1. Ordered by residue, what ³J(HN,Hα) values in Hz, to whole numbers, does region 157-169 give under the Karplus form 6.51 cos²θ - 1.76 cosθ + 1.60, where θ = phi - 60° and Gly and Pro are x?
2. As a footprinting exposure proxy, order Asp62, Asp197 by other Cβ within 10 Å, with the fewest listed first.
3. Hey, could you grab the Kirkwood Rh for region 71-138? Inverse mean 1/r over distinct alpha carbon pairs, Å, one decimal.
4. Could you tally the net charge around Pro95, taking each other residue with its Cβ under 13 Å from the Cβ of Pro95, Lys/Arg +1 and Asp/Glu -1?
5. Listed highest first by mean packing, meaning other Cβ atoms within 10 Å per residue, what order do 187-195, 134-142 come in?
6. When Leu151, Leu164, Leu172, Leu74 are ordered from fewest to most other Cβ atoms inside 10 Å of their Cβ, what list results?
7. Tell me, what ³J(HN,Hα) does each residue in region 197-204 have, in order and in whole Hz, if you take phi through Karplus 6.51 cos²θ - 1.76 cosθ + 1.60 with θ = phi - 60° and put x for Gly and Pro?
8. Please label the shape of region 138-229 as rounded, prolate or oblate, based on the square roots a ≥ b ≥ c of the eigenvalues of the alpha-carbon gyration tensor (a/c under 1.5 means rounded; beyond that, a/b larger than b/c means prolate, else oblate).
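Bear in mind that the values in this text are calculations on the coordinates, not laboratory data. Quick caveat: nothing in here was measured; it's all calculated off a predicted structure. Glycine also receives a Cβ, built like all others from the backbone with ideal geometry; neighbour counts cover every protein chain displayed.
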Amino acid sequence: MAIAEARDIAISERLARLAAEARAEGAAPSPPSGPAPATAASGSAAADAGPDGAVSLGWILDRLHERAFGLFLLVLALPCCIPFLYGVPQVVALPLAFVSAQITAGRRAPWLPEGLRARRVPVARLEELARRAGPWLRRVEAVSRPRLTALTRPPADRIVGVALLLFSASILVPLPGTNTVPGIAVALVAMGLLQRDGLLVAGGGVLGTAWILTLLFAGATIASLIGGWLGLGGDETAWRPLAALGGASA
């Protein structure tokens, strides 16, 4: 059964089926080359797993086309939530920001340019993602239900898209440990969109906004300290914290 047809299946089960289909796709031989309709040509190129045991983001997007924004966002965000899932966050971060921008623009279905569609995710990592995320997804599904649905549909979803774009941008920051919190925020919002649960959307928005504010505050504090210690402007007071430390040690 195609993922898009499994509308009543739990999200954790859909993710597991996606991983299983990716494994089957990776094990199958590449389709023979030859003339094909224009609409099938790009899909075939995206779906080809090739000999490297990986599937493209285009293949994943094509498998999730029915409720693609929520589920595709979730698939992109989950690797950023899970520690030590190496390689995948770097692949999905930019497409995540790109899809978030499309929600802000009011698109009803996601689209990726060929350069992003061609990015490849190892099948083994996708299977590990389904295995490790499954228990947590089931816990969220157990308490989720349709509520505050205005947050999951137009025009409020555009505001949600702006928040997702900011959270995705913070994932792109090349610093260790900066993926997890915004990744969880995006995953919660994606689950809320899928379940029509505005409370999850709001919870993800609060978590992500708190993270952005923390980053801004920490960045401003560090910049101020560095500027003071470097004595910018020749201000002698900049050295007082260091002098106080020296006096205490004496």
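1. 5, 5, 5, 4, x, 4, 4, 4, 5, 5, 5, 5, 5
2. Numbers: Asp62 18, Asp197 24.
Listed from fewest to most nearby Cβ atoms, that is Asp62, Asp197.
3. Details: mean 1/r = 0.0783 Å⁻¹.
Averaging 1/r across every pair of different Cα atoms and inverting gives 12.8 Å.
4. Values: positive: Arg117, Arg119, Arg120; negative: Glu114.
After counting each charged neighbour, the total is +2.
5. Numbers: 187-195: 25.4, 134-142: 14.4.
Descending mean neighbour count gives 187-195, 134-142.
6. Working: Leu151 21, Leu164 31, Leu172 15, Leu74 24.
So the residues, fewest neighbours to most, are Leu172, Leu151, Leu74, Leu164.
7. So the J values, rounded to whole Hz, are 10, x, 5, 5, 4, 5, x, x.
8. On the way: a/c = 3.05, a/b = 2.28, b/c = 1.34.
Prolate, because a/c is 1.5 or more and a/b exceeds b/c.
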